[in-house]
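Written below as structure tokens is the structure these notes are about.
Taken together, the values in this text are just the output of simple stated rules run on the coordinates, not laboratory data. Just so you know, these numbers come straight off a predicted model, no measurement behind them. Virtual Cβ from ideal backbone geometry, glycine too; neighbours counted across all protein chains shown.
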Amino acid sequence: MQQIQTPYVSYQVLNKVGTIEFFTPQHNSMPADILTQLAVTIEKAGADQHSAVLILKTAGDKTFCAGASFDELLLIQNEEEGHIFFSGFAKVINAMRKCPKFIIGRIQGKAIGGGVGLAAGCDYTYATTEASIKLSELAVGIGPFVVAPVIERKIGKSATYELAIDATNYRSAEWAKEKGLYTQIYSSIHLMDQAIEKMTFTLSASSTKAMSEIKKAFWQGTENWDQFLFDRAAISGKLIVTDEAKSYLTAFKKWK
């Protein structure tokens, strides 16, 4: 059977549970158009009266999200283009934090760079034992400036700093659960999906107003992120156009 190769973002609702799914053939890495579609979809799902709780997932079983698309990063020609690209991650994270519904993360495989940020932006996160994490930005001449605040909010400054500095080595799913990024981890996707189904069934019958107020309370203190994350995106945009970053990206793609 031919595998799907066309990138997409989809949203479906079943029994008051909304599922947002995205896919790209490059290990679910994220080009600008997918970032834009994902932010818009999260906003629409948050306003959809037919769903009470949301699941964020990706297709495939090996990688949850490999972060920014390296192909697109290599095409960035100036700081303004870089700022626009990394602002896509800011828009997604802001859409997640402002969404009035709980977002349940389904992390079936590795999360890298911006993928770790997506996992951290979820309100309750399930993962498999294969869902190791890595912040690889420094290895390609930039840094996790946009996603670091949402990751730090989940696992603390020290653990986030550890990930940012040690940019070439993965941390296990067990490490991520111990630090608070993952709520539960399972030995298989099947067992994880069973647990997610049970949780979302319970939440779908819960008070939407109460859930919204709980989420608002726990995200208190991030109201400045509308501007703060876009300012952080400018730092990445400035670094990505340096000769050093271009050299690292090119070498990485050849090695890969």
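Most mobile of 121, 156, 113 per a Gaussian network model of the chain (Cα springs, under 10 Å)?
Result: 156 has the largest fluctuation of those listed.
In the chain, if every C-alpha pair distance is counted and binned at 10 Å from zero, what percent goes to each bin?
7, 33, 39, 18, 4, 0
Provide the percentage of antiparallel DSSP beta bridges, counting only those with both residues in segment 8-204; round to the nearest 5.
30
Quickly work out the residue 210-to-residue 16 label distance, labels modelled 7 Å from Cα along the C-beta direction, and quote it in nm with one decimal.
1.2
What is the Rg over Rh value, at two decimals, for segment 1-73, using alpha-carbon atoms and the Kirkwood definition of Rh? Let's see the in-between values first.
Working: Rg = 13.0 Å, Rh = 12.9 Å.
Expressed as Rg/Rh, it is 1.00.
For residue 29, list long-range residues whose amide hydrogen, built 1.01 Å from N in the peptide plane, is under 5 Å from its own amide hydrogen.
Those qualifying (amide H under 5 Å, at least 5 residues apart or on another chain) are 24, 66.
Along segment 208-219, what does the Karplus equation 6.51 cos²θ - 1.76 cosθ + 1.60 (θ = phi - 60°) give for ³J(HN,Hα), rounded to whole Hz, x for Gly and Pro?
Working through the residues one at a time gives 5, 5, 5, 4, 5, 5, 5, 4, 4, 5, 6, 9 Hz.
Average the reciprocal distances over every distinct pair of alpha-carbons in segment 1-128, invert the result, and give the Kirkwood radius in Å.
14.7
Sequence-distant or interchain residues sharing an amide H contact under 5 Å with residue 51, placed H: which?
Placed amide hydrogens put nothing under 5 Å from residue 51.
By counting other Cβ atoms within 10 Å of each Cβ, how are 126, 8 ranked from fewest to most?
Sorted ascending by nearby Cβ count, the order is 8, 126.
Could you derive backbone 3J(HN,Hα) for segment 122-127 from the dihedral phi with the Karplus parameters 6.51, -1.76 and 1.60 (θ = phi - 60°), listing whole Hz in sequence and x where the residue is Gly or Pro?
My calculation for segment 122-127 gives 6, 8, 7, 10, 9, 8 Hz in order.
Under a Cβ-only charge scheme (Lys and Arg +1, Asp and Glu -1), can you give me the dipole magnitude of segment 8-204 about the Cα centre, in debye to the nearest 20? Spell out each step's value before the answer.
On the way: 18 positive and 20 negative charges, 143 e Å.
Its charge dipole is roughly 680 debye.
Between segment 80-100 and segment 147-223, what is the C-alpha centre distance in whole Å?
19
Work out from phi, with θ = phi - 60° and the Karplus expression 6.51 cos²θ - 1.76 cosθ + 1.60, the ³J(HN,Hα) of each residue of segment 143-160, listed in order in whole Hz, and give x for Gly and Pro.
Karplus values, whole Hz, x for Gly and Pro: x, x, 5, 6, 8, 4, x, 6, 5, 4, 4, 8, 10, x, 5, 4, 5, 5.
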